[in-house]
Every structure is written in C-alpha cells, then in structure tokens.
1. Give the label of the value calculated from the structure for P(r) over Cα pairs in 10 Å bins from 0, in percent, choosing from (1) 7, 29, 34, 22, 7, 1, 0; (2) 7, 30, 38, 20, 5, 1, 0; (3) 8, 36, 41, 15, 0.
2. Below 13 angstrom from the Cβ of Ile115, what's the summed charge of the other residues (Lys, Arg +1; Asp, Glu -1)?
3. How big is the charge dipole of the chain about its Cα centre, in debye rounded to the nearest 20, if each Lys and Arg gets +1 on its Cβ and each Asp and Glu gets -1 on its Cβ?
4. Considering the range 149-219, what Rg and Dmax in Å follow from its alpha-carbon atoms?
5. Name the helices (complete DSSP H segments) of the chain with a Cα length along the long axis of 24 Å or more and a Kyte-Doolittle mean of at least 0.0, or state none.
6. Quickly work out the His234-to-Ala111 label distance, labels modelled 7 Å from Cα along the C-beta direction, and quote it in nm with one decimal.
7. Please identify every one of the trypsin sites (Lys or Arg not before Pro) in the range 195-229 that sits in a loop by DSSP and has no more than 14 other beta carbons within 10 Å of its own beta carbon.
8. Arg245 to Ile178: extension gain in nm, 0.36 nm per residue of separation minus the Cα-Cα distance?
Amino acid sequence: MSDSIPRIRLRGLTKSFGAKRVLDGVDLNVMPGRSMVILGGSGSGKSVTIKCILGLLTPDAGTIEIDGQDVLAMSAREREAVLDRTGMLFQNGALFDSLPVWENVCFKLLARRRISRAAARDKAAEALASVGLAASVGDLSPAELSGGMQKRVALARAIASAPELLFFDEPTTGLDPIMGAVIDGLIVDCVKRLGATAVSITHDMASARRIGDDAAMIHHGRIVWTGSAADLGHTGNAMVDQFARGEREGPIEMELRR
C-alpha cells in the first residue's frame, strides 16, 4: 500500500439518533504508520466516529475507506477480514471477569481458533511482557489487578494479534498522572513496534501530545481543525487552543451561552 493513500479515509460521515445529529459531515484522513488523536467535548461525536469505523454503528451517509476500500460496501466476510486486522483498547478495559488474564489477552485468537490453549499461554506471556507485566499475572483474575494493571492487560489484549490498526478509547481515564504517562509510553512503544496505524480519542491534553503524531478536533459533529499534536495549545485556532488549555472564555463558551 502506498504511503500517500490514507490508511483510514472518512468523507461526509453523518449519524443521527432520532432528532439529534451527532456526526454532521466528518472528513478525516489517517495516514499509514501515524498516530491520530481525536479531541472534542462530551457529545461532540468522537466515540460515534470510532464506532462507525469499527462497524459497531452504521452511518446514515458518507464513506469509510480503509486502505482505499469502502468498508460500507463490503460483504460481511470482507468486513470481518478488516476487523481481524484491528485491535481495540476500551475506556474501562472491558476485561472478562470470568476469565483469567491469559485468556483475556488471547481471547480473540482463541475465539477464532487461531491458536491452541497451550500456545495461548505462551502468547499471553509474551504480550504481557511487552507491557511490563510478569507471566505469572496471566493466572490472576481481573478483579485481583489494580486499575493500572487492568489497563496494561487490556493493552496486551489489543496487541496480542499483532494488528495493523489500533484504536484507543480514553486510554488514561481513571489513572493517576504517573500511571497515565506510563500507559502512554507503552502505547507509543507498542504502536511503533507493530508498525501500526493508531486512532485515539482523549480529553487528556498531556496524553494527546505524548501519543499523537497528528490531532484533529471535532465540534458539533464536524472536524474543525487538523494538525500536529505537538502544536496543541498554540495552534492559532481559537477553538482548539481554548479546548487544549481548558480555558473558560472563548468561542466554545460563547456558543454554549446562545
């Protein structure tokens, strides 16, 4: 695949729930090997955008292309093949309480019968080591883990199948600043090691700068800015800079007053 072709390309994406339009023509390119961070306030459409890409929601209009192919026009089998190349870190980990850690980590591989249970233990130990956890953690239950350890296990699960596309939903939510920085560092390391393309949504500006190469801000269901994640806070776009700095006064507040 050419590096000039976006790994993910969204055009005119719309999605409504009843009378409420959440996505109102989202246009976005995510280039191969890049880490894109999507920013925006609550209800701005960040999560809905990711869910549309993953096929958890069907947009009302627009196109979603992955590697130049329109996934909305794919057959169920073709769409499944695309999803097989993705990994997801959910906001609250979403670990299965009834399964030990090693089964959680290799759940996708086991469910698709791509690995034996014996081999899954070794694969889980390898994935756990990549996020700084000992193999012995694999025999614990999720309830025995701290919040930071649960997040690491969830990251190990996301990367266990060596995906080409990775999605991160508020990866530092519920973590203290130090553990948040640790998780961000692990995310960067894992994405680079896999050579993957990543899309993250976050409210944490420090996290966005650490894990993002590129950033985009969504507001009222539209992408209002894209640029370098390193520029967040001094982009020259009043709306983005207000959000990044957490300032009360600015164009976003003015809109809320109307």
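Readers should treat all values here as calculations from the given coordinates under stated rules, not as data from a laboratory. Note that the structure is a prediction, hence the values are computed from the model and not measured. For neighbour counting, all protein chains shown are included, and Cβ atoms are generated from backbone atoms with ideal geometry for every residue, glycine included.
1. Label (1) holds the value from this structure.
2. With Lys, Arg at +1 and Asp, Glu at -1, the net is +4.
3. The dipole magnitude comes to about 520 debye.
4. Just the Cα atoms of the range 149-219 yield Rg and Dmax of 11.5, 34 Å.
5. Span-like helices, by this rule, are 177-194.
6. Inter-label distance under the simple model: 4.5 nm.
7. none
8. The Arg245-Ile178 span can extend by a further 22.1 nm.
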